[in-house]
Each structure stands twice: as structure tokens, then as C-alpha cells.
Amino acid sequence: MRSINELDLSSIATEQPNPATASIDILPTIDMLKLINTEDAKVALAIESALPSISQAVDTIAQKLRQGGRLFYVGAGTSGRLGILDAVECPPTFGTDPDLVQGIIAGGYDAIFKAVEGAEDSLTLAEQDLSERNFNDKDVLVGIAASGRTPYTLSALKFAKKIGAVAISLTCSPNSPMEQAADYAIVVQPGPEVITGSTRLKAGTAQKLVLNMLSTGTMIKLGKVYGHLMVDVRASNHKLTERAIRIVMEAAECSREIATEALDQANGKAKLAIFHILSGQSIDESQRLLDQAKGYIGQALQKLSK
């Protein structure tokens with residue numbers, strides 16, 4: 001008889017054995033790697049069926065962020081680390097405030113580098129972690145767990161709903177408690193892992209791809225991309241400064257000298273430098289027009305041409 005605390009792994013999609021890899025331990029190295037590569041190739045295709053729910057999530061996140069909300073990724077273990085990875089890349093890529101997109105992992109800072117015993121099983125720790133960051137009804141929470149059952153992450157979703165915040169789940173196993181607890185449920189099913197239950201593999205890759213979509217799609221809708229260019233890039237080091245120059249050159253179709261001069265006048269803000277060159281307006285007027293257009297270069301140019 002199963003004890004009350006025993007988890008039935010046989011019912012979880014990410015815990016199923018993969019017949020294709022049953023003999024992976026005796027294969028020659030190149031064949032072993034080909035098999036892993038074949039399994040990995042299935043991940044991107046598995047996301048296709050989840051695109052409608054991902055689209056709903058992006059629209060909702062963008063709307064809440066426009067209204068002054070923030071985006072929180074919450075997870076344990078690999079899922080938590082992937083959320084942190086996506087969150088910390090937003091400021092240098094899109095010029096966002098570090099508080100706008102945040103990653104929270106069960107067990108806190110130490111858990112980024114090593115497992116923290118019992119953290120993911122806590123039913124109270126997530127609420128405490130969120131409350132410490134003043135998580136409120138303006139914000140959006142994305143709970144990440146391959147199994148869709150992690151107590152820490154599930155309790156975070158329930159807390160979000162309790163206070164009126166948007167709750168989004170990202171899982172790799174259908175009909176999970178997290179899916180049922182969320183306002184919007186993203187379920188990606190990449191199939192059994194190469195090594196049974198090792199969800200840092202295909203499930204982790206699927207989660208990373210979806211998180212990339214959520215943050216990138218949201219930032220595009222917030223006007224932080226012009227064409228395919230990251231026009232709000234923050235020039236915080238030599239590489240990013242050079243990238244900002246190239247972005248201005250491409251977007252404004254100008255020389256390096258003109259781009260560099262415009263960036264200097266714009267205090268390193270690529271978007272402002274681009275609009276300044278394209279519109280012919282002063283830096284101050286360019287900033288005013290961009291603010292009116294909520295940061296969208298295309299919309300600001302359209303209004304100027306009318």
C-alpha cells in the first residue's frame with residue numbers, strides 16, 4: 001500500500017522510460033551522441049502545439065507590464081535556474097530595470113549552485129519569498145516545473161491567484177496540479193528523457209525555449225525591438241557598446257561616425273539615437289516623441305509623418 005506522502009512517478013509524463021534509449025549505455029560514443037541529438041530535435045517541434053497558450057501568456061504579460069506590473073519566474077532546481085537565467089538577461093538585452101523581470105528559486109541564492117534540502121517540498125516558503133519582493137496583484141507569476149507538481153512552485157501559483165495576480169504555469173506533463181491551478185497553462189510534451197527522469201535534458205530545453213519566447217515576445221510588444229534589432233540594449237561593456245553602434249548604423253542606415261555621434265548625444269541610448277537620426281529632430285524632441293509613442297520607433301515615425 002502506498003503511503004500518504006508517496007509520489008506515484010508512473011503517472012508523470014517526464015518520468016516515463018524512453019524505449020529508444022534503453023541500450024544507450026553500451027553504444028559507441030558517436031552513436032550515443034547521435035541518439036541524444038535525435039531526441040533533442042523533438043523538443044522544438046513539441047512546442048508548436050503550445051504556441052496558442054504561449055501567445056496568450058505573452059499578451060497578458062505585456063499588458064500587465066505596461067500597467068506597471070512585474071514578471072516573476074518561480075521554480076525549483078533546474079526550472080528555477082532557467083527562470084533566473086532568462087530574467088538576468090533582460091536588462092543587458094532590452095535595457096529593462098533589474099526589478100522588472102525576476103527569477104526566484106526554491107532555497108534562494110545558494111540553490112543556484114547546489115541543491116538545498118527540502119526547499120522544493122515547502123508549502124510556505126514561496127509565499128514568503130514572494131512577499132519579501134512585494135509581489136502584488138499588478139504582477140505576473142510564471143511557475144516552472146517539468147512535472148507540474150513541485151510543492152514550492154504550486155504554492156507560488158496558488159498564492160498569486162489568492163492575491164489577484166496573474167498565474168501562469170509552464171510544465172512538461174499534462175493534467176498536473178500546476179496546470180489546474182493556473183490562469184494560463186503552458187504544457188509542452190517533449191517526450192520521455194534520454195535518461196529516465198533527468199528533466200534537465202529535454203524538459204529543461206523545452207522550458208528554456210518557452211521562457212525565451214515569453215520574455216522576447218513581451219519585450220517586442222513593449223517596443224524594445226525595432227525590426228529585428230534590440231534597440232534598448234544597454235551598452236554596459238565594450239561588446240555591447242560596439243553592438244549599439246552597429247544597431248544604430250543598421251537601423252538608421254548611416255555611417256559609423258554619425259551613429260557614434262548620435263549615441264554620444266543620446267547618452268548611449270540606441271533607440272533615441274536611431275529616432276534622432278531618422279526623424280531629424282533634436283535629442284530632447286526625439287525623446288518627447290518616443291515617450292508619446294510609448295517607446296515604439298515605428299509609431300513615433302508614423303505620427304511625425306502625418
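The values are calculated or read from the model by the stated rules, or taken from the named source; none is laboratory data. Note that this is a predicted model, so its numbers are computed, not measured. All Cβ positions, glycine included, derive from the backbone under ideal geometry; neighbour counts span all protein chains shown.
Matching residues to (1) touching a residue at least 12 places away in the same chain (Cβ under 8 Å); (2) surrounded by 22 or more Cβ atoms within 10 Å (Cβ to Cβ); (3) assigned to a loop (DSSP other than H, G, I, E, B):
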site: Lys138; (1), (2), (3): yes, no, yes
site: Leu141; (1), (2), (3): yes, yes, no
site: Ile144; (1), (2), (3): yes, yes, no
site: Leu154; (1), (2), (3): yes, yes, no
site: Lys162; (1), (2), (3): no, no, no
site: Ile186; (1), (2), (3): yes, yes, no
site: Gln189; (1), (2), (3): yes, no, yes
site: Val194; (1), (2), (3): yes, no, yes
site: Thr199; (1), (2), (3): yes, yes, yes
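Does Ala235 satisfy the condition of being buried (at least 20 other Cβ atoms within 10 Å of the Cβ), outside any strand (DSSP E or B) and either at pLDDT 95 or above or among the β-branched types (Val, Ile, Thr) (or both)? I'd like the intermediate steps shown before the answer.
Working: buried (at least 20 other Cβ atoms within 10 Å of the Cβ): yes; outside any strand (DSSP E or B): yes; either at pLDDT 95 or above or among the β-branched types (Val, Ile, Thr) (or both): no.
Considered against the rule, which asks whether it is buried (at least 20 other Cβ atoms within 10 Å of the Cβ), outside any strand (DSSP E or B) and either at pLDDT 95 or above or among the β-branched types (Val, Ile, Thr) (or both), Ala235 comes out as no.
Taken over the range 207-231, the criterion of being farther than 28 Å from Ala145 by Cβ and either β-branched (Val, Ile, Thr) or touching a residue at least 60 places away in the same chain (Cβ under 8 Å) (or both) is satisfied by Gly223, Lys224, Val225, Tyr226, Met230, Val231. Taken over the range 254-290, the criterion of being in a helix (DSSP H, G or I) and basic (Lys, Arg) is satisfied by Arg256, Lys271, Arg288.
For (1) surrounded by 20 or more Cβ atoms within 10 Å (Cβ to Cβ); (2) assigned by TED's automatic domain parsing to the domain that holds Leu272; (3) on the phi < 0 side of the Ramachandran plot; (4) in contact with a helix residue (DSSP H, G or I) (Cβ under 7 Å, 6 or more places away or on another chain), each residue gets a yes or a no:
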residue: Ala46; (1), (2), (3), (4): no, no, yes, yes
residue: Pro52; (1), (2), (3), (4): no, no, yes, no
residue: Thr60; (1), (2), (3), (4): no, no, yes, no
residue: Gln67; (1), (2), (3), (4): no, no, yes, no
residue: Leu71; (1), (2), (3), (4): yes, no, yes, yes
residue: Gly77; (1), (2), (3), (4): yes, no, no, yes
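Any residue at all in the range 220-228 that's of a type in the set (A, V, I, L, M), within 30 Å of Lys42 (Cβ to Cβ) and surrounded by 15 or more Cβ atoms within 10 Å (Cβ to Cβ)?
Among the residues of the range 220-228, at least one is of a type in the set (A, V, I, L, M), within 30 Å of Lys42 (Cβ to Cβ) and surrounded by 15 or more Cβ atoms within 10 Å (Cβ to Cβ), which makes the answer yes.
Could you tell me whether the range 30-38 includes any residue that is within 29 Å of Thr218 (Cα to Cα), loosely packed, with under 13 Cβ neighbours inside 10 Å, in the same structural domain as Gly148 (by TED's automatic domain parsing) and modelled with pLDDT of 95 or more? No, the range 30-38 contains no residue that is within 29 Å of Thr218 (Cα to Cα), loosely packed, with under 13 Cβ neighbours inside 10 Å, in the same structural domain as Gly148 (by TED's automatic domain parsing) and modelled with pLDDT of 95 or more. Of the helices (runs of 4 or more DSSP H) contained entirely in the range 15-124, those carrying at least 1 residues that are without any contact (Cβ under 8 Å) to a residue 24 or more places away in the chain and over 16 Å from the mean Cα position of the chain (by Cα) fall at 29-47, 51-66. Among the residues of this structure, Ala181 does not count as one that is in the same structural domain as Glu15 (by TED's automatic domain parsing), among the small types (Gly, Ala, Ser) and buried (at least 23 other Cβ atoms within 10 Å of the Cβ). Figure legend. Inter-residue proximity from the range 279-306: first residues assigned by TED's automatic domain parsing to the domain that holds Cys254 and within 17 Å of Met230 (Cα to Cα), second residues crowded, with 18+ Cβ neighbours inside 10 Å and among the charged types (D, E, K, R), beta-carbon distance below 8 Å, spacing 6+ or different chains. Indicated pairs: Leu290/Lys271; Gly295/Lys224; Gly295/Asp232; Gly295/Lys271; Ile297/Lys271.
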